[in-house]
């Protein structure tokens, strides 16, 4: 364990219970911004309470909508979910204590401090065991998402419109960035062939389906749907994942370098879909595999479910595709350089002031094409290549100060 990692770990886990409660009071009730890196995780957990009934995404959804999506509106009016959420924030130390001692008293103090200081990891990966290196260097996905919610509330910067699938396609067309060809349902029905149809109001790969020209001709109402040509995977991927596996996407996470103010590559990975599925999304069982940023070689992969249950001794679960048995670990992905260059070009052209974005680049037969950009992006990395938490949170703090001054 390097001294840098140990120092970062100690810095993040230094605060105790009283410090945690004081932070909740400052961030949730007083509306203050974090001043240090080690405060960012607790601040992020308080953002939903502050913005509960205000739009936090381009779609107009509020945290009230997101946290109570299964409840009918009359029930949402009667049940004070926002204050239940606040109560949970203050009760979190007791939850963290229970989590710490359920594995025994040995090491319970260290586990308690970890859960108290990084509730994002403890809540969203509650069955995972992270090493000190991962804990100190894990990318702050939740904090970045909450930062974007605050920035959207304060600034309404134009790049947030890229969250809309129609708006993203129009922006790519204006910037001459490659995307799958789009058609109206009538054009596609007359043209023939197979298509991918997307409902722009759905997330996480839901609302995406394959349709033939005949299917499209029989649709009663195609208003708002996005109809695109159905692309095939690059030949090298078809040999590993089978012909009927969905189009695989190369996720390139870009971040603006604070010194140069230019986007650079922060994370690279590939999403690998299963036989018979239309999407490669991890929310629907796809495999997430990191890619070596220097060589383009694929690492062993995890699913969303297995990542949540991973232990320090077994960071990867799949080195071969479960449907074909063909090994993908160690294989260099096609369009490696071209895909990264496309993501950087898109960041510079479409949203140079965005802090970080996750670009989905399709690894198609004839070249890489953009499918979408994820403003609220997440990763399932088990081998962070750099001090992502401190670097990302430093920039969050700096930008929060800028928006307050503005």
Ranked by GNM mean-square fluctuation in the chain (Cα springs under 10 Å), the top entry among 300, 188, 364 is 188
Most fluctuating of 177, 66, 363 in the GNM of the chain (C-alpha, under 10 Å) is 66
Share (percent) of C-alpha pair distances in the stretch 298-383 greater than 22 Å works out to 42
Tilt, helix 3-12 to longest principal axis of the chain (alpha-carbon atoms), in degrees rounded to tens, equals 70
In terms of the alpha carbon gyration tensor, root eigenvalues a ≥ b ≥ c, rounded if a/c is under 1.5 and otherwise prolate when a/b exceeds b/c or oblate, the stretch 112-196 is prolate
The answer for the per residue Cα convex hull volume of the stretch 3-138, in Å³, is 132
Correct semi-axes for the stretch 147-201, from √(5λ) of the alpha-carbon gyration tensor and rounded to whole Å with the largest first, are 30, 13, 8
In deg cm²/dmol, rounded to the nearest 500, the helical mean residue ellipticity at 222 nm of the chain, built from -39500 (n - 2.57) for every DSSP H run of length 4 or more, is -12000 deg cm²/dmol
Rg/Rh over Cα atoms for the stretch 182-278, Kirkwood Rh, comes to 1.09
GNM of the chain, Cα pairs under 10 angstrom: of 254, 268, 378, the biggest fluctuation goes to 378
Rh_Kirkwood(the chain) over Cα pairs, Å, one decimal, evaluates to 22.6
Whole-percent tail of the Cα-Cα distance distribution for the stretch 181-230, cut at 16 Å, equals 28
Computed on Cα atoms, the radius of gyration and Dmax of the stretch 82-141 in angstrom are 12.0, 36
Helix 81-101 sits off the longest principal axis of the Cα atoms of the chain, rounded to the nearest 10 on a 0 to 90 degree scale, by 70
So, relative contact order of the stretch 3-138 in percent, Cα under 8 Å, 6 or more apart, is 34
Helix 141-155 sits off the longest principal axis of the Cα atoms of the chain, rounded to the nearest 10 on a 0 to 90 degree scale, by 80
D (µm²/s, integer) via Stokes-Einstein for the stretch 232-406, Kirkwood Rh across alpha-carbon pairs, 10 °C, 1.306 mPa s: value 95
Checked the stretch 236-323 against the a/c 1.5 cut and the a/b vs b/c comparison, axes a ≥ b ≥ c from its Cα gyration tensor; verdict prolate
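The numbers here are math on the coordinates, done by the rules we state, and not lab data. The model shown is predicted, which means the values in this text are computed figures rather than measured ones.
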